[in-house]
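A.B. asks: Structure provided below as structure tokens; questions to follow.
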Amino acid sequence: MVEIVNPKISSSAFYVYIIPLVVMVMGVFVGLRLGQNAGYEDLAEVISVVTGIVFLFFSYILLSIFDRKKRINQQEESLVRMKEIIEEEEVVDEKKVGSDSNRMH
């Protein structure tokens, strides 16, 4: 049995596998309807396959943009957190230096 402990891994798998699949299936149905409604009953299946592939392609482009923005936000958050940690350490060091000088007197 496989257990996923980190929820980020399961959400990433959802984004990478499930969303493109759903979008592709939607594209197939849209293409099928477009082909039938446009009067191309003979080519409706071909149109649906092409439309599904186009939708799949666009879903990966959108996921790539989303991933890039998410990575940039995570980097900014980690930089802010690092700055907070450094500032906290400086305050602790200042208190420590102040208490050491009080002991000497």
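The values are calculated or read from the model by the stated rules, or taken from the named source; none is laboratory data. The structure displayed is predicted, hence computed values, not measured ones. In this analysis, Cβ positions are derived from the backbone assuming ideal geometry, glycine residues included, and neighbour counts consider all displayed protein chains.
A.B. asks: Going through the stretch 49-69 one residue at a time, which ones are farther than 19 Å from Met26 by Cβ and surrounded by 13 or more Cβ atoms within 10 Å (Cβ to Cβ)?
C.D. replies: Asp67
A.B. asks: Among the candidates Val46, Val16, which residue alone is surrounded by 12 or more Cβ atoms within 10 Å (Cβ to Cβ), modelled with pLDDT under 85, part of a helix (DSSP H, G or I) and of a type outside the set (Ser, Thr, Tyr)?
C.D. replies: On the way: Val46 fails: modelled with pLDDT under 85.
That would be Val16, the only listed residue that is surrounded by 12 or more Cβ atoms within 10 Å (Cβ to Cβ), modelled with pLDDT under 85, part of a helix (DSSP H, G or I) and of a type outside the set (Ser, Thr, Tyr).
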